[in-house]
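Quick note: the coordinates plus some simple rules give every number you see, no bench work behind them. Since the model is a prediction, treat every value here as computed from it, not as a measurement. Glycine gets a Cβ as well: all are built from the backbone with ideal geometry, and neighbour counts include every protein chain shown.
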Amino acid sequence: MSSPAQTNVAFDGRFARELPEMAIPWQADGAPDPRLLVLNEPLAIELGLDPISLRTSEGLLLLIGNSIPEGATPVAQAYAGHQFGGYSPRLGDGRALLLGEVVDTEGRLRDLHLKGSGRTPFARGGDGLAAVGPMLREYVVSEAVNAIGIPTTRSLAVVATGRPVQRETQLPGALLTRVASSHLRVGSFQYARARDDVHLLRRLADHAIARHYPGAAEAENPYLALFQDVTAAQASLVAQWMLVGFIHGVMNTDNMTISGETIDYGPCAFLEGFDPATVYSSIDQTGRYAYGNQPLVAEWNLARLAEALLPLLHDDQEQAVALAVESLEAFRSQYSAAWLAGMKAKLGLHKDTDDDVTSPLVDELLALLQEGHVDYTSFFRNLGKSPRGDAEPARGMVLDLAAFDAWVDRWHALDPDADAMDRVNPVYIPRNHLVEEALGAATLGDLAPLEKLLVAVTNPYDERPGLERYAAPAPEDFGAYRTFCGT
Ligand code: AMP
Ligand code: MG
């Protein structure tokens, strides 16, 4: 079948071809009444797709996988994973499909993927479907994370299917069309390792190297270099999450990419009042994936990746373990360096400012924020007004004014750059109460709040009149917020 929406774009099925053991050819369910809820036009253009054509009924069929572009081989991908610490040997795309890969207008290989496209052989007890709310949540939050400047999968479109989905109540169904530099996960390697087929594991590693870390192919030990590259990418990614107050919510190993992109926006949320123990996810009852635990969890997940890679690292298992342990040790220093560099930027300090001066300054500031449960995002934005002569907006947010004043004096002595602060401290994040408001309205058919929220969060650093409520913390009566798993 051909579609006017894809005339210029060649689809490939590279993953399906190179790793057939991990790809089950499958078809998306039909949708009784497909209706476009949101289309990411800039992303469509980036992919070489024509937004006008995508809006036609034929274009919608492409977006939901009912019109298969030439060259595409839709597959359900196999992966394993540790979920909340417990190992599941066979997860896989239970309600998702990889449509295929395209080369975008900048020559980069991107996956086109469907989420909510019906049951697959990996569906187990699930219905294979997704509801409008959670798919729009992924759309909004992933696009916000991208606009902030953090690596992430992207969202091309959400299409309502016209099919109801049974959850606690009956909800309108939808499908997300997702774009990623790949869908290779730590869990993909766990799956290949568990098959006890070192040739499969090597092919998977070679595929990952070719797609994400071509430099590793030149290394003396390419698979060790792959592990080191993933470790560095994740150290940088999680540092960026922490700096902006992002809580992933479900950092299972199947939800951690090899590319270093954020993936699988389920019970995610942005921190409001600063507290490392913050958990918003209703399914995270022990706080395993609390805000402050994220670096440790990332390191734990990388240890699982290392275990999966062991047979490729060295023929001798003891030496393989030694290499893995040594490489994993780099995570902490890489993470700390990325985080401290980011904190310097948030405080408008020159990158050469002495770490021994910056570190205690940052620690003291965070203690002040924690003490007052201060809104993290608006505090840093307000703090940027202080070098311009107005400390009051930030000062008014903390409890211990004397400590704050003393802190500001020390900080000002380092000559902070207010304009640089405004370039890294967002005004607009997808605040939980605004996301809930937008998803609730969209579920009832009103897309206006979602569209306005997208205007704010996809241009997060540029303060604009009329968007004041998108910069403000949740009202008191919003209460102790909980998100439910994005199913
Ligand atoms: P997630 O929590 O979204 O990362 O998903 C974990 C696993 O459960 C993956 O293998 C998903 O494909 C699968 N899954 C989640 N929701 C559903 C559903 N409604 N139907 C089938 N499989 C699902
Ligand atoms: Mg997942």
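A few points about this structure:
- Overall form of segment 4-182 per C-alpha gyration tensor (a/c, 1.5; a/b vs b/c): rounded
- This ranking places E218, E299 by how few other beta-carbon atoms lie within 10 Å of each, fewest first, which gives E218, E299.
- Calculated from backbone phi, Karplus (6.51, -1.76, 1.60) coupling profile of segment 105-116 in Hz, x at Gly/Pro: 5, 9, x, 8, 7, 10, 7, 10, 9, 10, 10, x
- Since only L60, A413, L349 are under comparison, the one whose Cα sits farthest along the positive direction of the charge dipole of the chain, derived from C-beta charges on Lys, Arg, Asp and Glu, is L60.
- Computed across the chain, the Kirkwood radius stands at 23.4 Å (inverse of mean 1/r, all Cα pairs).
- Restricting segment 313-414 to trypsin sites (Lys or Arg not before Pro) that sit in a DSSP loop and have at most 14 other Cβ atoms within 10 Å of their own Cβ leaves K351, R388.
- Backbone geometry of segment 444-459 corresponds, through the Karplus equation with coefficients 6.51, -1.76 and 1.60 at θ = phi - 60°, to 3J(HN,Hα) couplings of 8, x, 9, 8, 4, x, 5, 5, 5, 4, 5, 4, 5, 7, 8, 9 Hz, x marking Gly and Pro.
- Translational diffusion of segment 349-416 was estimated from the Stokes-Einstein equation, with Rh taken as the Kirkwood radius over Cα pairs; at 25 °C and 0.890 mPa s the coefficient is 201 µm²/s.
- Close amide H partners of G100, meaning residues 5 or more places away or on another chain with modelled amide H under 5 Å apart, are L112.
- Trypsin sites (Lys or Arg not before Pro) restricted to segment 105-164 and DSSP loop, no more than 14 other C-beta within 10 Å: R108, R124
- Too-long pairs where the Cα-Cα distance tops 29 Å, listed order kept, from K351/K452; K115/K452; K115/K351; K346/K452: K351/K452; K115/K351
- J(HN,Hα) series, segment 156-164, from Karplus relation 6.51 cos²θ - 1.76 cosθ + 1.60, nearest Hz, glycine and proline x: 8, 6, 10, 10, 6, 8, x, 9, x
- Sparse-neighbour loop sites [chymotrypsin sites (Phe, Trp or Tyr not before Pro); segment 146-246; at most 14 other C-beta within 10 Å; DSSP]: none
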